Amino acid sequence: MANNISHKLELTWVGKGEEPKLEPRILIENPDYSYGENDTPNLLIHGDNLLALKALEQDYAGRVKCIYIDPPYNTGNAFEHYDDGLEHSQWLNLMYPRIKLLRNLLSEDGSIWISIDDDESHYLKVLCDEVFGRGNFVANIVWQKKYGPANDAKWFSDSHDHILVYAKNKSIWRPNLIPRTEEQLRDYKNPDNDPRGPWRASDLSAKTPSESCMYSIKGPTGLDFSPPPTRSWIVSRERFNELITDNRIWWGTSKTGRPMMKKFLSEVKGGITPETWWSRDVAADNKIAKYESKKIYNGDSFATPKPEKLLERILMIATNSGDAILDSFLGSATAIAVAHKMGRKWIGIELGNHAYTHCYPRMQKVIDGEQGGISKSVDWKGGGGFKFYTLTPSLLNQDGYGNWVISKDYNADMLAAAMAKHEGFRYQPDGQAYWKQGQSSEKDYLYTTTLFITVEMLDRIHDEMRQQESLLICCKAFQPECENRYANISIKKIPHVLLGKCEFGKDDYSLNIINLPEDEDRNETEFANEDPEVVEDMDVSKNNLKSVKSRTIQQSLFD
Ligand SMILES: C[S@@+](CC[C@H](N)C(=O)[O-])C[C@H]1O[C@@H](n2cnc3c(N)ncnc32)[C@H](O)[C@@H]1O
């Protein structure tokens with residue numbers, strides 16, 4: 001009996017282990033919603049993040065320095081823009097495959113930061129331990145999201161959120177220090193004009209006494225000083241004498257004070273080690289977030305925005321200028337707005353129509369030099385740009401007889417790009433050789449066509465091939481003699497080659513997070529008494545796919 005018990009500690013739930021095999025979709029630019037400089041690495045994506053993350057995997061695996069997500073908290077409340085009331089297992093089913101994909105995108109020195117509240121934080125911790133490894137857990141930051149109690153709360157007034165932080169590899173990940181505030185810098189003065197610059201007086205006594213540091217000190221005016229009761233000095237007598245010689249001991253302006261050690265600003269660490277408690281003074285709160293949101297949307301606010309200062313602090317600790325960040329539960333785009341103002345590259349993914357009604361206009365304003373949030377503190381002047389992408393529909397769908405066929409939404413370019421992704425090739429059409437559409441290694445090519453491939457066609461291609469080049473042809477049909485005709489040319493039929501590889505025909509893995517009745521009440525206490533009446537343009541997503549054929553296919557955007 002005991003032998004049957006697995007010793008692995010594991011959280012289980014209904015549906016775990018039944019994660020779908022995802023279709024690797026391609027991303028198509030919608031130029032109507034791209035904005036600013038053309039040559040930009042930044043991507044705003046409308047679609048379910050599960051499919052979008054899968055679509056990004058080929059180009060971005062291991063390349064993202066920091067991921068921030070603020071998923072629906074599963075509080076049982078229905079918000080205006082999305083449904084937050086998922087059954088517990090369903091919520092875990094939502095998070096698990098997404099967190100796994102997110103991990104793949106992180107660079108070796110990257111980190112992920114997840115906002116969550118008490119409803120799911122402990123389950124999420126265990127889930128993340130499984131995906132990232134317990135050893136890569138860095139911190140559980142407690143962020144003071146609300147000032148003052150909500151007196152209408154039935155049990156406790158919920159004043160904080162958690163931010164779970166995991167490193168991809170904790171042994172190499174280190175946080176950046178937080179620059180000292182003006183107030184902290186004011187502690188450093190230079191009353192004796194020391195040429196080493198400003199310093200602050202620090203205690204010379206130690207809490208844990210040491211025998212060798214118990215001695216009496218004679219001050220410059222003849223006064224004797226002993227360590228305070230139960231303590232000793234922090235240095236030996238020899239070291240103390242060296243400090244005196246080096247003018248590192250301070251006796252107060254009257255020279256009669258207890259000895260203190262001078263700590264020079266030029267010699268201390270370049271900033272403060274981040275703490276796990278983030279008060280609203282250092283990271284703002286939900287009220288400020290609402291205020292910022294109302295300013296951006298001319299009085300209408302997003303239902304659950306985060307304040308820019310919170311994101312600034314995260315990106316300050318986790319990234320440097322030029323690093324890539326990603327938020328796949330984008331909401332009203334706070335993370336990418338802050339990333340943009342701080343000179344980071346970014347990818348944002350949002351499922352709801354607020355990709356159009358909130359994310360797009362906010363990022364437009366940021367690029368035009370919007371001055372809210374952190375703009376003044378980072379001296380934001382505007383600039384840059386982004387490309388707006390949507391996901392292609394499924395490559396295959398079933399006809400009236402239940403047979404899988406290539407979707408009519410795909411033109412030749414899209415089909416070639418999709419096949420490249422499925423077969424593990426990079427889509428890179430060659431200007432000269434029409435059959436060189438995708439490449440997997442220096443000499444290995446892919447050619448996708450809906451034509452019937454004949455022996456003559458195959459011979460012509462083979463004549464053009466150089467020594468050591470190899471080719472995979474994916475076509476709808478071919479002459480039987482083509483098979484095995486050349487050792488360096490393989491030939492496969494579409495769609496047969498794809499069947500069973502992944503799940504086709506499924507566009508929605510969102511577990512019904514959006515599409516609520518429009519007038520559903522929200523009652524999350526920290527957002528109570530606010531009235532964000534945002535009018536959604538429900539037609540926008542339907543329009544997305546209409547002109548899919550005219551759009552450009554995504555290339556690798558960080559190159
Ligand atoms: C709490 S909000 C994020 C708020 C954001 N941090 C801000 O400052 O505005 C969560 C967002 O995740 C989005 N979302 C939920 N499920 C999603 C999915 N499967 N794919 C993409 N976005 C999703 C919701 O539509 C919602 O906008």
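Each reported figure results from applying straightforward, stated rules to the coordinates on display, with no laboratory input. Because the structure is a prediction, the values reported are computed rather than measured. So basically every Cβ, Gly included, is an ideal-geometry build from the backbone, and we count neighbours across all protein chains shown.
What does the stretch 251-339 give for Rg and for Dmax, in Å, if only its C-alpha atoms count?
19.9, 62
Need one word for the stretch 396-493: rounded, prolate or oblate. Basis is the Cα gyration tensor (sqrt eigenvalues a ≥ b ≥ c); a/c below 1.5 gives rounded, then a/b vs b/c decides. List each step's numbers first, then the result.
On the way: a/c = 2.16, a/b = 1.39, b/c = 1.55.
Oblate, because a/c is 1.5 or more while a/b does not exceed b/c.
For the pair K493 and S440, what calculated FRET efficiency results from E = 1/(1 + (r/R0)^6), where r is the Cβ-Cβ distance and R0 = 30 Å, to the nearest 0.05?
For S440 and K493, the calculated efficiency is 0.95.
Within the stretch 228-284, report the trypsin sites (Lys or Arg not before Pro) that DSSP leaves as loop and that have at most 10 other Cβ atoms within 10 Å. Present the calculation step by step, with values, prior to reporting the outcome.
Numbers: sites: R231, R237, R239, R248, K255, K262, K263, K269, R280; in loops: R231, R248, K255, K269.
Counting only loop positions with at most 10 other Cβ atoms within 10 Å, the trypsin sites (Lys or Arg not before Pro) in the stretch 228-284 are K269.
Once you have the Cα-Cα distance between V126 and K218, take 0.36 nm times their residue separation minus that, and quote the gain in nm to one decimal.
Full-extension gain reported as 27.4 nm.
With n ≥ 4 as the cut-off for DSSP H runs, can you work out [θ] at 222 nm for the chain, using -39500 (n - 2.57) per run divided by the number of residues, rounded to the nearest 500?
The helix-only estimate for the chain comes to -6500 deg cm²/dmol at 222 nm.
With label points built 7 Å along Cα→Cβ from the Cα atoms of K263 and N241, find their separation and express it in nm.
Computed distance between label sites K263 and N241 equals 2.7 nm.
Could you tell me the calculated FRET efficiency between Y147 and A412, based on Cβ-Cβ distance and R0 = 60 angstrom, to the nearest 0.05?
For Y147 and A412, the calculated efficiency is 0.55.
Considering the dipole of the stretch 138-271 built from charges on the beta carbon (Lys and Arg +1, Asp and Glu -1) around the Cα centre, which of I234, T221, G252 is farthest to its positive end?
So the residue furthest toward the plus end is I234.
Among rounded, prolate and oblate, which fits the stretch 409-450 when a ≥ b ≥ c are the square roots of the eigenvalues of its C-alpha gyration tensor, a/c under 1.5 means rounded, and a/b larger than b/c means prolate? Before the final figure, lay out the partial values.
Details: a/c = 2.28, a/b = 1.33, b/c = 1.72.
Note, shape of the stretch 409-450 comes out oblate.
Going through the stretch 460-499, which trypsin sites (Lys or Arg not before Pro) have at most 15 other Cβ atoms within 10 Å and a DSSP loop state?
The qualifying sites are R466, R485.
Can you give the extra length, in nm with one decimal, that the chain gains between K189 and N320 once fully stretched, where that is 0.36 nm per residue apart less the Cα-Cα distance?
44.2 nm
Test of the criteria: in the stretch 1-65, which GluC sites (Glu not before Pro) are in a DSSP loop and have at most 14 other Cβ atoms within 10 angstrom of their Cβ? Show your work: numbers first, answer last.
Numbers: sites: E10, E18, E29, E37, E57; in loops: E10, E18, E37.
The qualifying sites are E10, E18, E37.
Could you work out how much longer the chain between E57 and V282 gets when fully extended? Use 0.36 nm per residue separation minus the Cα distance between them, nm to one decimal.
Working: separation 225, 0.36 × 225 = 81.00 nm, distance 3.47 nm.
Taking E57 through V282 to full extension adds about 77.5 nm, to one decimal.
7 Å from Cα along Cα→Cβ at both N140 and N403: what's the point-to-point distance in nm?
Here the answer is 5.7 nm between the modelled labels.
Could you state the number of Å between the C-alpha centres of the stretch 221-260 and the stretch 27-48?
64
For the pairs K421/K476; K100/K443; K65/K306; K65/K262; K170/K376, flag any whose C-alpha to C-alpha distance is greater than 28 Å.
Details: K421/K476 17 Å; K100/K443 32 Å; K65/K306 21 Å; K65/K262 38 Å; K170/K376 33 Å.
In this structure, K100/K443; K65/K262; K170/K376 lie more than 28 Å apart at Cα.
Taking all pairs of different Cα atoms in the chain, averaging 1/r and flipping that mean, what Kirkwood radius in angstroms comes out?
Radius from the Kirkwood sum: 27.5 Å.
Which residues make up the longest stretch of the chain that has no chymotrypsin sites (Phe, Trp or Tyr not before Pro) in a DSSP loop with at most 10 other Cβ atoms within 10 Å?
157-400
Taking a point 7 angstrom from the Cα of E464 along the C-beta vector, which residues in the stretch 435-449 have backbone N less than 17 Å away?
Under cut-off, by backbone N: 435-440, 443-449.
So, R0 is 30 Å and r is the distance between the beta-carbons of N298 and V378; what FRET efficiency does that work out to, to 0.05?
Once rounded, the FRET efficiency stands at 0.80.
Say a paramagnetic label sat at a point 7 Å from the Cα of R174, along Cα to Cβ; which residues of the stretch 257-271 have their backbone N under 13 Å from it?
What the label zone holds, given the 13 Å backbone N cut-off, is 269-271.
Kirkwood hydrodynamic radius, the stretch 182-267, all distinct C-alpha pairs: what's the number in Å?
With all distinct Cα pairs of the stretch 182-267 included, I get 13.7 Å.
Once you order the gyration tensor axes a ≥ b ≥ c over the Cα atoms, which shape class does the stretch 347-415 get: rounded for a/c under 1.5, otherwise prolate or oblate by comparing a/b with b/c?
prolate
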